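Down below is the structure, laid out as structure tokens.
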Amino acid sequence: MAALLLLPLACAVVASLALLVAEADDVPADDDLAAACAHAARAAGDDGAIVVLPPWTLRPLAALGPAAARVVGGDGPAAALLPGRFPRVVAVVEPDAAPWLPALAGLGAPRSAQRFGAVDVLVFDGGGPARFDLLTALPGARVDVDGRPCTTPLERGAVRGHGCEGDDAGLRVTREHALVSESGRLVVRVPEPRPGARVALRFDDVALGDTLVVAAGHTRAGAERGRAMIVDVVVDDAVVASLRRAPSFFVEPSRAALRAAFVRPPAEDGEGFRATVIDTRRLGGGAHRLALVVRAAADDGAHTTVDHELALDAYVPGPGGAR
Amino acid sequence: MTTTRGDRGVAARIAVVVAVVVGLTATTLGFTRDEGYYFKAGALYAGWWRTLVSDPATALSAAGIDRHLAYNPEHPFLLKGSFAASLALKTALGVPVADHVALRLPAWIVAGLSAAFVWLLARQLLPRRGALVAVLLFVSMPHVFWHMHVACFDIGVTAAHTALVWAWLRFRGTPRGAVVVGVAFGVAAAMKHNVLPVPALFVLHWLLTESVRSRDGRLRLPLVFFCLALLAPIVYVVLWPYLWPDVVGRFARYLSFHLHHEHYPILYFGDLLTAPPFPWLFPFVMSAVTIPLPTLALLVTGTALGAVTAGRALGARWRPRRVGPELEPEATRVPLGDVAVAPSGQTALLLLLNGLLPFVLIALPSTPIFGGTKHWMNGLPFLCVLGAWALVEGVARLQAAVGRVTPQDGRRFAAVVVVVGVVAALPGVVISVRVWPYGLGSYNELVGFTRGAANVGMQRTFWGYEARAALPLVNARTPRGGRIHFGDVNADSHARYVGDGLLRRDIGFAGAVRGAAVAHVEPQGEFKQQQLDVWNEWGRHDPDLVLHAEGVPLSTVTFAPSSSPSTSPGTAAPRAGGSAP
């Protein structure tokens, strides 16, 4: 009986003191972060991407200075959209990042690794640049709603996009940072104007390769209020893929089990903003017309533009980004 | 066992020490969102106190009451009134401290009282060494210690709930004592509504353990229940002048507010919970990942010991036995209280009911779950007493297993209890020190402390209190007349920062990033969008300051590109937890 009463405490005290000591050095020093981030900024250059891990850490952003604009996140959605997109990917890795490292496996082994105190900087060959990148191509896109063009250029702060006119006035397709995961990332936001309508983003002369990566999903607000949405991927007037996204918010794979145990079961058809890789080899290389057409999965006539907002990203990996 | 004059002296010393430590460690703690409201209430209510002194008839009139006390009727007057009285006294006496110090002072005193009442309750039931362990466990819990600092109601109602149960155990047997219990309940309810169901627990406990039918088959209710039902409401109304002009109507509106309380989002395993039904495990899981592991182990062991002994006591009472319940042998070597008055299991049941009720209320899927762990904090003192009991009992059994012991050995074992109690409390203190002043972001060993909690997607801050450490930088770099977007900090807290000289007077309050000169935002959960607003509006991804606990960001400060720095950045980085480039 004495053991029953005291053993849990004894084990807890030993475990507690051991963990307190073991994790005492987990917080990177400011100087180490500064040195690591300076190295990362140099390694990324002007066209590389920077990933910070764990994704919740923001101290590297402060240390990176203007190079922080090259940070593409580090969480699941960010990692899935890296291979073949940038010439280089540089990861600034703090302690406690282990759950997130598997997501970088698509980049292969790092070309170099350097340690700054508790911070690692890993430099990967990114396999890019991408042949086509939705985020940079958006300003040149033709946007229409059921064929009616949206021609007003939008520029507000760092947000860029297209505004619609006439019956669709108020509708905007913009490139901005949105909460498609707890970290947020740069995406194209596409709200649907009215029940049954289709918003199309059209691009000419898109050089396709072996694959086309399209990511879509709801923002946090859209997941709360919205309904299922569909993105039709159209190449040269033929639908090559349809991506269905139920209204849900992205769940990090490393959290899925805990979330299922303590919060709610996972959705059967996947959750939140995620990438789909479309095999485009049968379409052949060269220039193609590409359209991303967004619509609601069901037309029940009871929603608003806010309900049916969807976040998009897409790119054609460069030759070094075979997936 | 009963408390002696010496024990009451120890209680007084505990109250003073805890209040002083809390006051001394509050200097870096920013103003919480709710404090903004209560500071404002305090300032308004101070006017009522002044009127009460200068013109009592006006102060006590309906117009006088509504003029000064109509603000924030969502919570009773007692604590806000004490904040106000402290502010009025400070002003009248010309004490040279900031207003927020005067406003928080009563909360610190109540914090001291909460520890003192844990001591008194524990001393009612345990030897001194056990009572000391109970106090150590209670005050060393990082979330409890953090809540002791703020001018809110949660530590107040925790103190009052503990005092009420102590009064119940200590005094209810006599007519005078019954009056004391009735008054204690009235005062407790005047702190916050959490304790309103407690009399139902007393009735349930009495029915299960003590009730006796008379020969005509009727239950004879003890006087104390009449005091709880009749005297307490009078005390409650007397302590809340706002109710006086329309007691029924205003109390009904107050009750309705809390029965239909809005839901604030909370991040839980990466899910932003915004609306019911909420996971029923929430309070248990949150406790399991925020209470330091050794304390948690003792609380669980104590709860299990309490459950076993309570089950035995109930069995002895309700199952036909050859011996009466009073003759049922005690299951433990160390009794919980005076077994001549009540078997240990009976007392353990009372502690279990009071300890677990706050958890159960929050576990109901429809109950609002915002506020981290504070809404079931008033159950913790009882679990601490049970935990201390488990430790004392365990050591007593170890002592018996060792064999024959001399009185000297007995003293050594008593010392062992205290030493083990100190060791058990130590991790909580270390965790508090490591994250201070960001105690709301503290997590325990099970989840990997604050960094581990961030990895699994737990809420790491709310109430916007982090901002204080950023104010020196904001003062140094914000252009004259510029406005600050303050994230979760509300306009009332902004006004207090300005009023107390912590924020430059010309720095206005902005409701959005657009148009602001500087943005202080909490980059997680419901506030994460504000960080993206900074990126989208200003195109700046590199914050000028990151306030963090254990490297986990709690808030960031970013200046608009047009804000020209008047001094070099980073000069105002806080003592700990701030990273500036």
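Among A:171, A:312, A:258, which one shows the biggest mean-square fluctuation in a GNM of chain A, springs joining Cα atoms closer than 10 Å?
Sorting by GNM fluctuation, first place goes to A:258.
Can you give me the orientation-averaged projected area of the convex hull built on the Cα atoms of chain A, in nm²? Don't skip to the end; give the middle numbers.
On the way: hull surface 80.4 nm².
For chain A, averaging the hull's shadow over all directions gives 20.1 nm².
Whenever you get a sec, line up B:32, A:136 from highest to lowest accessible area (probe 1.4 Å, protein heavy atoms). It would help to have the intermediate numbers written out before the result.
Values: B:32 0, A:136 105 Å².
Result of the area sort, largest leading: A:136, B:32.
Across region A:187-195, in residue order, what do the Karplus-derived ³J(HN,Hα) couplings come to in whole Hz, using 6.51 cos²θ - 1.76 cosθ + 1.60 with θ = phi - 60° and x for Gly and Pro?
Karplus-based 3J(HN,Hα) across region A:187-195 equals 9, 9, 8, 10, x, 8, x, 7, x Hz.
Quick query: amide H of residue A:207 versus all other amide H atoms, modeled in the peptide plane; which residues come in under 5 Å with a sequence gap of 5 or more or a different chain?
A:288
Nearest 10 degrees, 0 to 90: what angle lies between the long axis of helix B:247-259 and the longest principal axis of chain B (Cα atoms)?
That helix lies at roughly 80 degrees to the long axis.
Please state, as a whole number in µm²/s, the translational diffusion coefficient that the Stokes-Einstein equation yields for region A:1-51 at 10 °C and 1.306 mPa s, with Rh defined as the Kirkwood radius across alpha carbon pairs. All intermediate terms of the calculation are to be shown ahead of the outcome.
On the way: Rh = 14.7 Å.
My calculation gives 108 µm²/s for D.
In degrees, nearest 10, range 0 to 90: what is the angle between the Cα axis of helix A:253-262 and the longest Cα principal axis of chain A?
It is inclined by approximately 80 degrees.
State in Å² the accessible area per residue of region A:132-316; use a 1.4 Å probe, count heavy atoms of protein chains only, and round to the nearest integer.
Numbers: 7470 Å² over 185 residues.
Ligands and nucleic acids excluded, the figure is 40 Å² per residue.
Hey, could you grab the Kirkwood Rh for region A:2-125? Inverse mean 1/r over distinct alpha carbon pairs, Å, one decimal. Write down the numbers at each step before the final one.
Numbers: mean 1/r = 0.0641 Å⁻¹.
It works out to 15.6 Å.
Counting partner chain Cβ atoms within 10 Å of every residue's Cβ in A:176-182, what's the average? Could you put the intermediate results ahead of the total?
Numbers: counts 5, 8, 3, 5, 0, 2, 10.
Mean number of neighbouring Cβ atoms from other chains: 5.
Counting other Cβ atoms within 10 Å, which trypsin sites (Lys or Arg not before Pro) in region B:415-491 have at most 16 and lie in a DSSP loop?
Answer by residue number: B:480.
Quick check for chain B: number of Lys pairs with alpha-carbon distance under 21 Å, counting only pairs 8 or more apart or on different chains?
Values: B:40/B:80; B:40/B:90; B:40/B:192; B:80/B:90; B:80/B:192; B:80/B:374; B:192/B:374.
For chain B, the number of qualifying lysine pairs is 7.
Between A:121, A:293, A:263, where does the largest GNM mean-square fluctuation fall for chain A, given springs only between Cα atoms within less than 10 Å?
Checking each option, the largest mean-square fluctuation is seen for A:263.
Send over the Kirkwood Rh of region A:235-287, from the inverse of the averaged 1/r over different Cα pairs, rounded to one decimal Å. Walk me through the numbers before you get to the answer.
Working: mean 1/r = 0.0722 Å⁻¹.
After inverting the mean inverse Cα-Cα distance, the result is 13.8 Å.
Across peptide B:444-451, what mean number of C-beta atoms from other chains lies inside 10 Å of a residue's C-beta?
On the way: counts 3, 9, 4, 1, 4, 6, 4, 10.
Mean shielding count: 5.
Per residue of region A:214-230, in order, report the coupling 6.51 cos²θ - 1.76 cosθ + 1.60 (Karplus, θ = phi - 60°) as ³J(HN,Hα) in whole Hz, putting x for Gly and Pro.
10, 10, 8, x, 8, 6, 4, 5, x, 5, 6, 10, x, 10, 5, 10, 10
Let a ≥ b ≥ c be the square roots of the eigenvalues of the Cα gyration tensor of region B:198-303; is it rounded (a/c under 1.5), or, if not, prolate (a/b larger than b/c) or oblate? Mind dumping the intermediate values first?
Values: a/c = 2.55, a/b = 1.29, b/c = 1.99.
Since a/c reaches 1.5 but b/c is at least a/b, the shape of region B:198-303 is classed as oblate.
Of all the accessible heavy-atom surface of region A:2-125, with the other protein chains kept in place and a 1.4 Å probe, what percent is carbon and sulfur? Before the final figure, lay out the partial values.
Numbers: 2910 of 4590 Å².
Carbon with sulfur: 63 percent of the solvent-accessible area.
May I ask for the accessible area buried between chains B and A, both sides summed, probe 1.4 Å, to the nearest 100 Å²? Please list the in-between numbers first.
Working: alone 23830 and 15390 Å², together 34220 Å².
Summing both chains' loss of accessible area gives about 5000 Å².
When DSSP assigns beta bridges and you keep just the ones with both residues in region A:2-125, what percent turn out antiparallel, to the nearest 5? Please list the in-between numbers first.
Details: 11 of 17 bridges.
Around 65 percent antiparallel, to the nearest 5.
So in chain B, what percent of DSSP beta bridges are antiparallel if you round to the nearest 5?
Values: 15 of 20 bridges.
If I count the DSSP bridges inside chain B, around 75 percent turn out antiparallel.
Taking loop as defined by DSSP and a crowding limit of 16 other beta carbons within 10 Å, which GluC sites (Glu not before Pro) in region A:158-194 fit? Mind showing how you got there, number by number?
Numbers: sites: A:165, A:176, A:182; in loops: A:165, A:182.
Sparse-neighbourhood loop GluC sites (Glu not before Pro): A:165.
May I ask you to derive the relative contact order of chain B, considering only C-alpha pairs under 8 Å and at least 6 residues apart, and to give it as an integer percent? Walk me through the numbers on the way to the answer.
Working: 1026 pairs, mean separation 95.7, N = 581.
It rounds to 16 percent for chain B.
What is the list of residues in region A:1-25 whose amide nitrogen lies under 14 Å from a point 7 angstrom out from the Cα of residue B:398, following Cα to Cβ?
Counting backbone N atoms under 14 Å from the label point, the list is A:1-14.
With N set to the residue count of the protein assembly as shown, report its C-alpha Rg divided by 2.2 N^0.38 Å to two decimal places.
Values: Rg = 30.8 Å, N = 904, 2.2 N^0.38 = 29.2 Å.
Normalised by 2.2 N^0.38 Å, the Cα Rg of the protein assembly as shown equals 1.05.
Apply the Karplus parameterisation 6.51 cos²θ - 1.76 cosθ + 1.60, with θ equal to phi minus 60°, to every residue of region B:274-282 and state each ³J(HN,Hα) to the nearest whole Hz, in sequence, with x for glycine and proline.
In residue order, the calculated couplings are 10, 8, x, x, 8, x, 5, 6, 3 Hz.
Would you work out if region A:31-74 is rounded, prolate or oblate? Take a ≥ b ≥ c from the square roots of the eigenvalues of the alpha-carbon gyration tensor; rounded if a/c is under 1.5, else prolate when a/b is larger than b/c, oblate otherwise. Present the calculation step by step, with values, prior to reporting the outcome.
On the way: a/c = 1.73, a/b = 1.09, b/c = 1.58.
In terms of gyration-tensor shape, oblate.
Most mobile of A:264, A:175, A:281 per a Gaussian network model of chain A (Cα springs, under 10 Å)?
Its mean-square fluctuation being the largest, the pick is A:264.
Quick check: pseudo-label points 7 Å beyond the Cα along Cα→Cβ at residue B:411 and residue B:340, how many nm apart are they?
2.7 nm
Could you tell me which of rounded, prolate or oblate describes region A:132-316, using a ≥ b ≥ c as the square roots of the eigenvalues of the alpha-carbon gyration tensor, with rounded for a/c under 1.5 and, failing that, prolate when a/b is larger than b/c and oblate otherwise? Working shown, then result.
On the way: a/c = 1.63, a/b = 1.22, b/c = 1.34.
Taking the square roots of the gyration eigenvalues as a ≥ b ≥ c, region A:132-316 is oblate.
How much accessible area does residue A:189 have with a 1.4 Å probe, in Å² rounded to the nearest 10?
Accessible area of residue A:189: about 50 Å².
Looking at chain B, which longest stretch skips every one of the GluC sites (Glu not before Pro) that is in a DSSP loop with at most 16 other Cβ atoms within 10 Å, leaving the sites themselves out?
On the way: sites that count: B:74, B:210, B:262, B:330.
The segment B:331-581 is the longest one with no such site.
To the nearest 10 degrees, how steep is helix B:154-171 against the longest Cα principal axis of chain B, on a 0 to 90 scale?
10 degrees
Quote the accessible area belonging to residue B:192 in square angstrom, nearest 10, computed with a 1.4 Å probe and with ligands, DNA and RNA left uncounted.
10 Å²
Using Cβ-Cβ distances only, list the Cys residues of chain A with no partner cysteine under 4.7 Å, sorted by number.
A:11, A:37
Near the amide H of residue A:278, under 5 Å away, which other amide H atoms are found, from residues 5 or more places off or on another chain, if H is placed in the peptide plane?
Here A:212, A:213, A:214 satisfy the definition.
Between residue B:226 and residue B:214, with labels modelled 7 Å along Cα→Cβ, what's the label distance in nm to one decimal, could you check?
Placing both labels 7 Å beyond Cα along the Cβ direction yields 1.2 nm.
Mean residue ellipticity at 222 nm from the helices of the protein assembly as shown, using -39,500 (n - 2.57) per DSSP H segment of n ≥ 4 over the full residue count, to the nearest 500 deg cm²/dmol? Walk me through the intermediate numbers first.
Working: 30 runs with 397 residues, N = 904.
Only helices count here, giving -14000 deg cm²/dmol.
The values are calculated or read from the model by the stated rules, or taken from the named source; none is laboratory data. For clarity, every value in this text was computed on a predicted model and none was experimentally measured. Glycine also receives a Cβ, built like all others from the backbone with ideal geometry; neighbour counts cover every protein chain displayed. Keep in mind that these areas ignore ligands, DNA and RNA; they rest on the heavy atoms of the full protein, side chains included. Shrake-Rupley method; radii C 1.70, N 1.55, O 1.52, S 1.80 Å.
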